[in-house]
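Coordinate-derived values only; no laboratory data. Please read all numbers here as calculations on a predicted model, not as lab measurements. Note: ideal-geometry Cβ built from the backbone for every residue, glycine included; neighbour counts use all protein chains shown.
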Amino acid sequence: MTDVQKDQGKSLTGLKKVRRFPPEFSILLVLFGIILVFEILGWYFIGQSFIANKQRISIIVLQVAVTGIIAIGVTQVIITAGVDLSSGSMVGFIAMVAASFAQVSTNDRAVFLSNGWVDLNPLWAIAVGLALGALLGAVNGFIIAKTKIPPFIATLGMMVSARGLAKWYTLGQPVALLTDSFSWFGHSFPIMGFPVPRPVIVFLIVAIIFHILLTYTRYGKFTYAIGANPQAARVSGINIGNHLIKVYTLAGLLSGLAAVMTAARAESAQPGMGVGYELDAIASCVIGGTSLAGGVGRITGTFIGTIILGVVTSGFTFLQVGAYYQEIVKGIIIVSAVVIDQHRQNKRRKVS
Amino acid sequence: MVSPSTMKAVRESGAVPNAEYVLEVENVRKEFPGVLALDNVQFKLRRGTVHALMGENGAGKSTLMKIIAGIYTPDSGSFKLRGVDIRLTSPLDALENGIAMIHQELNLMGPMTVAENIWIRREPKNTWGFISHSEMRSRTEDLLKRLNIDIDPMVEVGTLSVANRQMVEIAKAVSFNSDVLIMDEPTSALTEKEVAHLFSIIKALKAQGKGIIYITHKMSELFDIADEVSVFRDGRYIATKLSTEVKRDDIIRMMVGREITQMFPKETVPIGNVKLSVKGLTLNGVFKDVTFDVREGEILGIAGLVGSGRSNIAETLFGVTPASSGTIEIDGKQIEIKSPGMAMKNGMAFLTEDRKDTGCFLLLDIQDNTQMAVLQNRYVNYGFVQQAQLSNDSQAMAQTLRVRTPDMQEPIMNLSGGNQQKVLIARWLLTKPRILILDEPTRGIDVGAKAEIHRLVSELAGQGVAVIMISSEMPEVLGMSDRIMVVHEGRVTGFLDRKDADQVKIMELASH
């Protein structure tokens, strides 16, 4: 046994070890706090429980599954000190294209691909959606890496163009009457009496994969390094441009996945799908502790952040609060969650 | 206890109590999570003197200064300014009470002019309440003239050299009419001529009755400029002496608590084959026609003034700024280095000059900081980091380098400068380099850590690593190098062998 192994568990120099809570701890507390408030208000005003309701839980998670999938891709983008504004528009465009690969033939409405391309295996639509997402993401990444313009501008451009593409694709017509085998992906199935929507399962799997990716792989380590200090990352031998292309490609891929899920759930696609999703996704990230300055953030935090947004929306509906008030308060909650988290972080890492 | 605002009013009325000590702190204690930074220390500053503060990195000097400058509030202890108890709550408080700090990392706004930087928040106004630029300009001119500083008040600070920026910081501090000036290693980035100028300014300030706290790691400066010296070690106050009555060795002994027998222990090791051969290396507009060889086991020192192109040569060798022309050969084979990644594949490592800008990932922990470079080529299996093995090796490396930290999960920003530097060295040693480029490896580092780093570099040379070491410190270059290459204005002006090299010869070549 070497000295190092013997010393493990002890400190390097005999200094007192600091106890560290996982950074998600306080966000989780915020989530519990919000649930508790709704629970109390629920009993007081409505006379029933907020959380002990299978249907409601199912709706909460279904509502956030799609923006959650996007938020996971956006989390890694924000960790590199970037931002992705294009995800919502990409959902719109890709949903249109993917849905057009999933139309049924017995149909008196327009079929947007030629007649041989109907009643396809749903994997076609999914593959097309993911590939298109990855492609658009790669375009984002390529522009950012090669022209060195701020990610805000590059993805703003993509946001506007992709929305235009979504409308152009069918000249504004919705794509309806999709195959059952495609819509299957958007439906629920029961687990122990709980109706579990399939997009939620996808969201969970994606979250786990990306958590592993960011925590245990070189890809993840380099992502944090680039956000924390791009110059030091460069001197450490990291090819920043190539890495950013990968990051934005993966973010685009997840936008594509979210688009497929959206279309499957709605059993149709419209050019206006996904409006504002990019902002919900960014909100989930920052509520979950991801710093817009880069270098800080975790998928677990984003996951909780996503759930918080879902709980808040569902809670207001439950309390029969008007839609206008909902949005007003949602904005306040986003800002306060980040203020609280930042305050806590500052206290934690005081520089000696 | 007097509130800062009362104190400020008293000061403005001119009725300043005349105490022997302009500043007295006693029994000051400050704890950070996991670290007792200051353990009941004391510090007294007489008016009209320069009081040097010495100690290894992590001794508590910077923490104490930040308390005096109002950046930190102490956990306990008394704080007297001109004999009156006071409690400062912010840097602004300190500034308004006549305590100004000139930061190690300069805190000026690059895109603004010298005048704007100096008078920010206190801009002179004209009758309509708008900023009067002409008034600001003439005030700045007066101020700079009084200090014998030759800088145009209207140039953007970002275009000034480090030395000039520091002069602007000093002018700013003086413009507050401060009684206490804190200088944290002001000479670390200055050339000898600039140091001389700085010292003349300090002497003038001293003559005006100001008290100057001077943090330094350079022993020679202590005897040049300081009247008194206080030594700290591990967050404790050790002693205060008159600089006329102590010797260099006494101070070192107080600082490290042990004898340091040899400062620059480059051992004689067998020098092998030519490892790296550079011919006609040119980066347009920066340096030209640089040609040299480095052998296995050899330490090639690069000397030259700040701005001579020394660091640029290193950056080009490592692919940070690829060369315009010229060839690089390793082991006799010509190779192309267009990026740091390519340089690393060829067994090179590069410790950069600027710890904060191009070295540390300040938001990440020590573990991540240590492993970031080696992940490029090792410890990765199918994209997955072999963390157990890597953590073990990183920790062993950190222990060898004596990084002072509770554990590897500590954020690197909580470490002192010297310990951060050790982490960065660990980062590169993990990559097992065959060619090691060090740019100012011991800048801003205490004596103990310095000796450790020197010993380590010497050991690496013993293992056949070819070392290129850039340093502004003459004794370091002279002590460590087998050969010294001197650079002046982007050209190599000469090579000196270890046995013929001395300070005068280097300076002649470096200034031509």
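Some notes on this structure:
- Residues of segment A:21-42 with amide N under 20 Å of a point placed 7 Å along Cα→Cβ from A:ALA52: A:32-42
- Inter-site label distance for B:GLU489 and B:ASP227 at 7 Å from Cα along Cβ, in nm: 4.2
- Cross-link pairs beyond the 24 Å C-alpha cut-off, checked among B:LYS279/B:LYS333; B:LYS66/B:LYS193; B:LYS288/B:LYS338; B:LYS218/B:LYS279; B:LYS210/B:LYS450; A:LYS221/B:LYS450: B:LYS66/B:LYS193; B:LYS218/B:LYS279; B:LYS210/B:LYS450; A:LYS221/B:LYS450
- Dipole size of segment B:375-448 about its Cα centre, with +1 on Lys/Arg Cβ and -1 on Asp/Glu Cβ: approximately 220 debye, rounded to the nearest 20.
- Relative contact order [Cα under 8 Å, 6+ residues apart], segment A:138-206, whole percent: 14
- Shown for B:SER311, B:SER230: other C-beta atoms within 10 Å of each C-beta, ranked fewest to most, produce the order B:SER311, B:SER230.
- Sum of side-chain charges, A:TYR248 neighbourhood, beta-carbon under 13 Å (Lys, Arg +1; Asp, Glu -1): +1
- Peptide A:224-231 has a mean shielding of 6, counted as Cβ atoms of other protein chains within 10 Å of each residue's Cβ.
- Inter-label distance, B:GLU508 to B:ASP249: 3.3 nm, where each label sits 7 Å from its Cα along the C-beta direction.
- Three principal axis lengths of segment A:23-165 [C-alpha, angstrom, descending]: 57, 49, 23
- Around the Cα centre of chain A, unit charges on the Cβ atoms of Lys, Arg, Asp and Glu (plus for the first two, minus for the last two) sum to a dipole of about 1540 debye.
- Gyration tensor (alpha-carbon) shape descriptor, segment B:335-382, a/c threshold 1.5: oblate
- Distance histogram in 5 Å bins (all Cα pairs of segment B:88-236, percent per bin): 2, 9, 18, 21, 21, 15, 8, 4, 2, 1, 0
- Most positive-pole-ward Cα, B:ALA196, B:LEU160, B:PRO186, against dipole of segment B:150-208 from beta carbon charges: B:ALA196
- Translational D in µm²/s for chain B (Stokes-Einstein at 37 °C, 0.692 mPa s, Kirkwood Rh from C-alpha pairs): 133
- Of the GluC sites (Glu not before Pro) in segment B:56-116, the ones in a loop by DSSP (not H, G, I, E or B) with at most 11 other beta carbons within 10 Å are B:GLU105.
- Longest segment of chain B lacking chymotrypsin sites (Phe, Trp or Tyr not before Pro) that sit in a DSSP loop with at most 10 other Cβ atoms within 10 Å: B:131-381
- Rounded to the nearest 20 debye, dipole of the protein assembly as shown from Cβ charges on Lys, Arg, Asp, Glu: 980
- Cα-Cα P(r), segment B:106-176, percent of pairs per 5 Å interval: 3, 18, 32, 25, 14, 5, 2, 0
- Computed log10 I(q)/I(0) for segment A:51-341 at 0.07, 0.11, 0.16 Å⁻¹: -0.26, -0.64, -1.25, from the Debye equation with unit scatterers placed on every C-alpha and solvent omitted.
- Of every Cα-Cα pair in segment B:413-468, the percent that sits beyond 18 Å: 28
- Separation of alpha-carbon centers, segment B:84-101 and segment A:291-344, rounded to whole Å: 40
- Across the protein assembly as shown, the volume of the C-alpha convex hull divided among the residues equals 221 Å³ per residue.
- Its alpha carbons considered, segment B:376-512 gives a radius of gyration followed by a Dmax of 17.6, 55 Å.
- Proportion of all alpha-carbon pairs of segment B:65-157 beyond 24 Å (%): 38
- Segment B:89-206: relative contact order as a whole-number percent, Cα under 8 Å and 6+ apart: 39
- Net charge of neighbours whose Cβ lies under 14 Å from the Cβ of B:SER76, counting Lys and Arg as +1 and Asp and Glu as -1: -2
- Between the listed residues A:ALA81, A:TRP184, A:THR306, the Cα displaced farthest toward the positive end of the dipole of chain A, a dipole computed from Cβ unit charges relative to the Cα centre, is found at A:ALA81.
- Computed over neighbours whose Cβ is under 10 Å from that of B:VAL28, the net charge equals -1, Lys and Arg +1, Asp and Glu -1.
- Dipole axis of chain B (+1 Lys, Arg; -1 Asp, Glu on Cβ), positive-most option in B:ASN177, B:ILE252, B:THR358: B:ASN177
- Using the alpha carbons alone, the radius of gyration of segment A:87-187 stands to its Kirkwood radius in an Rg to Rh ratio of 1.05.
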